[in-house]
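For reference, the structure discussed in these notes is given below.
The values are calculated or read from the model by the stated rules, or taken from the named source; none is laboratory data. Remember, predicted model here, so these are calculated numbers, not experimental data. Cβ: placed from backbone, ideal geometry, glycine included. Neighbour counts: every protein chain shown. In case anyone asks, the SASA skips ligands and DNA or RNA and just uses the protein heavy atoms, side chains included. Shrake-Rupley method; radii C 1.70, N 1.55, O 1.52, S 1.80 Å.
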Amino acid sequence: MGKNRTNKMKKIEVCCREGISELFKIDQLYSVLTKDNDIHVNGSVEMIGSDYGNIKRIKVYANLCNKDGAILYVLNGWKNYSVSKGTYISFSLYCSTIGRFFNPDELDYVELYLSYNEKDS
């Protein structure tokens, strides 16, 4: 990526919401807001547990938050991932021109979390 393109992006802090099951390791997090106010959130989920009980599928979500912790918008990964020991997935969440939903200057950080047992889509 060229130097000009890099200078037009703002890196956004990404964290995991408290209470994520120890069965799943969320890692390799990266988020950027482009000059056009598109947001990209990337990362991985590794299934490190051995007994998932009744958890059959997971879905990745991201809260776009302001500095006070208020949720400005929620990104949905839309894809359901089957749960199986040792599975590794990478995900990419995206939203074009978030200024349609809130003032991009208010965005302070991204908070990731998982939902469980979603049906196949």
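Heavy atoms only, probe 1.4 Å: what % of the accessible area of the chain goes to carbon and sulfur, would you let me know?
Values: 3210 of 7320 Å².
In the chain, the share of accessible area belonging to carbon and sulfur is 44 percent.
List the residues, sorted by chain then number, that are 5 or more residues from Ile12 or on another chain and whose placed amide H is less than 5 Å from its amide H.
Distant-sequence amide H within range of Ile12: Ser31, Val32, Leu33.
So which GluC sites (Glu not before Pro) in segment 17-58 end up in coil per DSSP with only 10 or fewer other C-beta atoms within 10 Å? Don't skip to the answer; put the middle values down first.
On the way: sites: Glu18, Glu22, Glu46; in loops: Glu18, Glu22.
For GluC sites (Glu not before Pro) across segment 17-58 that sit outside H, G, I, E and B with at most 10 neighbouring Cβ atoms in 10 Å, the list reads Glu18, Glu22.
What are the ³J(HN,Hα) couplings of segment 28-40, residue after residue, when phi is run through the Karplus curve with 6.51, -1.76, 1.60 and θ = phi - 60°? Round to Hz, x for glycine and proline.
Per-residue couplings from phi come out as 6, 7, 8, 9, 9, 10, 7, 4, 8, 6, 8, 10, 10 Hz.
When P(r) over Cα pairs in 10 Å bins from 0, in percent is calculated directly from the model, which label among (i) 12, 38, 26, 12, 8, 3, 0; (ii) 13, 43, 29, 13, 2; (iii) 12, 45, 31, 8, 3, 1, 0 fits?
Only one option fits the structure, namely (ii).
Which cross-chain or sequence-distant (5 or more) residues have an amide H under 5 Å from the amide H of Thr87, H modelled 1.01 Å from N in plane?
Result for Thr87 returns Met47.
Given an 8 Å cut-off on Cα distances and at least 6 residues of separation, report the relative contact order of the chain as a percent.
32 percent
Per residue, how much accessible surface does the chain expose to a 1.4 Å probe? Answer in Å², no decimals.
On the way: 7320 Å² over 121 residues.
Ligands and nucleic acids excluded, the result is 61 Å² per residue.
222 nm [θ] for the chain, helices only, -39500 (n - 2.57) per DSSP H run of 4+, per residue, to 500? Could you put the intermediate results ahead of the total?
Details: 1 runs with 4 residues, N = 121.
Computed mean residue ellipticity for the chain: -500 deg cm²/dmol.
Amide H of Tyr109: which non-local residues (sequence gap of 5 or more, or other chain) have their own amide H closer than 5 Å, using H built in the peptide plane?
The answer is Cys65.
Say a paramagnetic label sat at a point 7 Å from the Cα of Lys67, along Cα to Cβ; which residues of segment 92-119 have their backbone N under 11 Å from it?
106-108, by backbone N distance to the label point.
Per-residue HN-Hα couplings for segment 67-84, Karplus 6.51 cos²θ - 1.76 cosθ + 1.60 at θ = phi - 60°, whole Hz, x for Gly and Pro?
5, 8, x, 6, 7, 8, 6, 10, 8, 10, x, 6, 9, 8, 10, 5, 8, 7
Please give the charge dipole size of the chain, origin at the Cα centre, charges +1 on K and R Cβ atoms and -1 on D and E Cβ atoms. Round to the nearest 20 debye.
On the way: 16 positive and 15 negative charges, 95 e Å.
Approximately 460 debye in magnitude.
How much length, in nm to one decimal, is gained on full extension between Asp27 and Thr97, taken as 0.36 nm per residue of separation minus their Cα-Cα distance? Before the final figure, lay out the partial values.
Working: separation 70, 0.36 × 70 = 25.20 nm, distance 2.58 nm.
My answer for the length gained is 22.6 nm.
Cross-link partners among lysines for Lys67, C-alpha distance below 23 Å, same-chain residues fewer than 8 apart left out?
Lys8, Lys10, Lys11, Lys35
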